[in-house]
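Asker: Supplied in C-alpha cells, the structure appears directly below.
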Amino acid sequence: MSRIGRMPIAIPAGVTVDIAENNKVTVKGPKGTLERVLPAEMEIKMEGTEILVSRPNDLKKMKSLHGLTRTLLNNMVVGVTEGYEKKLEVNGVGYRASKSGKVLTLNLGYSHPVEMTDPEGIETVMEGQNVIIVKGIDKEKVGQFAAEIRDKRRPEPYKGKGIKYADEVIRRKVGKTGKK
C-alpha cells in the first residue's frame with residue numbers, strides 16, 4: 001500500500017470540501033477557494049473531519065496516482081488555510097528589484113529593466129531591495145511564478161550573482177588564475 005496515499009487528510013475548522021462527480025473537488029477556506037479535477041479512478045471519501053483516498057486495484061498506474069491524488073488534496077487544504085510562499089534573493093552589484101502596484105520591476109544588469117506582472121491569485125512582496133516573497137494559495141502557481149522570476153537571471157557559479165531561492169545553495173567554482 002502507498003504510505004502517503006493511505007494517510008487521512010484532516011480538515012481544519014473553517015474549511016469546507018465538496019466532492020462532485022468525476023472527482024471535481026472544491027476546497028473553500030479562510031484564504032480563498034481552490035478547485036481541481038483529480039484522477040477519476042481514485043475513490044475520495046469524506047469521513048467526519050477527514051478525507052480518505054483509496055485506489056481500485058494494484059496496477060502500477062493506480063499506485064502512482066494514489067499518492068499523487070492524496071498529496072494534491074492535502075496541498076489544497078493547506079493552501080486555503082495557511083497559503084504558500086517562496087523567498088527569492090537578488091544578489092549582485094547593481095541588481096535590485098522594486099514593486100509598484102502589481103508590477104515587479106527587476107534591474108538585473110540588462111540594458112533594460114525586466115517587468116513582470118503578478119498572475120491572478122499570486123502576490124509578490126518586497127522585503128528590502130533584494131528579497132522577493134511570492135505568496136499565494138495554490139502551491140503549483142507559487143512555485144511556477146517563483147521559477148519564472150528566477151529564470152530572468154539564474155545564479156552563476158563564479159561570483160554568485162543572480163536570483164536564487166533563499167534556501168538554495170550555489171555550487172561555487174574557482175575562477176581562472178593568471179600566469180606568473
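Asker: With all protein chains present and a 1.4 Å probe, how do 112, 66 order by accessible area, largest first?
Answerer: Solvent-accessible surface, decreasing: 112, 66.
Asker: Could you give the size of the charge dipole of region 34-180 about its Cα centre, using +1 on the Cβ of each K and R and -1 on the Cβ of each D and E, expressed in debye and rounded to the nearest 20?
Answerer: 1420 debye
Asker: If ligands, DNA and RNA are left out, what is the accessible area of residue 99 with a 1.4 Å probe, given in Å² to the nearest 10?
Answerer: Its accessible surface works out to 70 Å², give or take rounding.
Asker: Quick one: accessible surface of residue 35, probe radius 1.4 Å, all protein chains present, in square angstrom to the nearest 10.
Answerer: The accessible area comes out at roughly 120 Å².
Asker: If you don't mind, there's one more thing I want to ask. Which shape class applies to region 1-124: rounded if a/c is under 1.5, otherwise prolate when a/b exceeds b/c and oblate if not, where a ≥ b ≥ c are the square roots of the Cα gyration tensor eigenvalues?
Answerer: Prolate is the answer for region 1-124, as a/c is 1.5 or above and a/b outweighs b/c.
Asker: For a Förster distance of 30 Å, can you work out the FRET efficiency between the beta-carbons of residue 61 and residue 18, rounded to the nearest 0.05?
Answerer: Calculated value: 0.70.
Asker: Quickly work out the residue 177-to-residue 91 label distance, labels modelled 7 Å from Cα along the C-beta direction, and quote it in nm with one decimal.
Answerer: Label at residue 91, label at residue 177, 2.3 nm between them.
Asker: On to the next question. Can you give the FRET efficiency to the nearest 0.05 for residue 133 and residue 154, using r as the Cβ-Cβ distance and R₀ = 25 Å?
Answerer: 0.85
Asker: What number, rounded to the nearest 500 deg cm²/dmol, is the helix-based mean residue ellipticity at 222 nm of the chain, given -39500 (n - 2.57) per DSSP H run of at least four residues and division by all its residues?
Answerer: Estimated from H runs of four or more residues: -7000 deg cm²/dmol.
Asker: In square angstrom, rounded to the nearest 10, how much accessible surface does residue 127 have for a 1.4 Å probe?
Answerer: 90 Å²
Asker: Could you give the angle, 0 to 90 degrees to the nearest 10, between helix 60-81's Cα long axis and the longest principal axis of the Cα atoms of the chain?
Answerer: Long axis of 60-81 versus the principal axis of the chain: about 70 degrees.
Asker: By how many nm would the segment from residue 47 to residue 102 grow when fully extended, if each residue of separation counts as 0.36 nm and the alpha-carbon distance is taken off?
Answerer: Here the answer is 15.7 nm.
Asker: Hey, another quick one. At 1.4 Å probe size, put 158, 110, 95 in order of accessible surface, largest to smallest.
Answerer: The ordering from most to least exposed comes out as 158, 110, 95.
Asker: Residue by residue, what Karplus-based ³J(HN,Hα) values in Hz, rounded to whole numbers, does region 135-147 have, using 6.51, -1.76 and 1.60 with θ = phi - 60° and x for Gly and Pro?
Answerer: Along region 135-147, the couplings run 10, x, 9, 9, 4, 5, 5, 4, x, 5, 5, 4, 5 Hz.
Asker: Okay, moving on. At a 1.4 Å probe radius, carbon and sulfur cover how many percent of the accessible area of the chain?
Answerer: 50 percent
Asker: On to the next question. How much accessible area per residue does region 129-177 have, counting only protein heavy atoms and a probe of 1.4 Å, in square angstrom?
Answerer: 66 Å²
The values are calculated or read from the model by the stated rules, or taken from the named source; none is laboratory data. Nothing here was measured: the structure is a model prediction, and the numbers come from that model. Backbone-built Cβ (ideal geometry, glycine too); neighbour counts: all protein chains shown. Ligands, DNA and RNA are stripped out before the accessible areas are found, and what is left, the full protein with its side chains, is counted by its heavy atoms. Shrake-Rupley method; radii C 1.70, N 1.55, O 1.52, S 1.80 Å.
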